[in-house]
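One structure is given here, and the rest of the page talks about it.
Values in this text are rule-based calculations from the coordinates and carry no lab data. Everything quoted here is computed from the prediction, not taken from an experiment. Here the Cβ is made from the backbone with ideal geometry for all residues, glycine too, and neighbour counts use every protein chain on show.
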Amino acid sequence: MVTYRTKIEIVGDILISAHEQTMEQDGASIMQLIRQANISHGRLSKILSDLVSQGLLEQVSSDRAYKYRISMVGKDFLSEYKKFNKFTSDFGLTI
């Protein structure tokens, strides 16, 4: 049986990718997020605009295109998401 990721799991994957790229570079490009979060461009664009408007990601202008880096609020959210994800998996629950 095929299991699909929930939106919160996709958001978690995007934030993890942005966090890793923020530490290594000045943020993650759209293509890096597409590859690392395994999501289509159309769906990623919609979710990115939501995450930027909610303050979880910051959109940074780079030489050729925008990059996205995780904000302090995003880091806090990601930390709590990981705790909650571990808690639910310890009890055999899915989010």
Legend entry - Rounded to 10°, Cα long-axis angle of helix 41-53 versus longest principal axis of the chain: 90
Legend entry - Karplus-derived HN-Hα couplings along segment 15-26 (A = 6.51, B = -1.76, C = 1.60, θ = phi - 60°), whole Hz, x at Gly and Pro: 5, 4, 4, 5, 5, 4, 6, 5, 6, 7, 10, 9
Inset, instruction - Treat the count of other C-beta atoms within 10 Å as a stand-in for reagent exposure and order 19, 41 from fewest to most. - result: 41, 19
Legend entry - Cross-link reach list, aspartates and glutamates versus residue 82, counting only Cα pairs under 13 Å and skipping chain neighbours closer than eight places: 9, 13, 90
Legend entry - Local electrostatic count, residue 14, Cβ distance below 15 Å [Lys/Arg +1, Asp/Glu -1]: +4
Legend entry - Around residue 34: net Lys/Arg minus Asp/Glu count, Cβ-Cβ under 15 Å: +3
Inset, instruction - Return the lysines within reach of residue 46: Cα separation strictly under 22 angstrom, same-chain partners fewer than 8 residues apart disregarded; answer none if there are no such residues. - result: 7, 67, 75
Inset, instruction - Measure off 7 Å from each Cα along the Cα-to-Cβ vector at residue 45 and residue 9, then give the distance between these two points in nanometres to one decimal. - result: 2.6
Legend entry - Principal-axis tilt of helix 72-90 within the chain, Cα atoms, nearest 10 degrees: 20
Legend entry - Size-normalised alpha-carbon gyration radius of the chain, reference 2.2 N^0.38 Å: 1.09
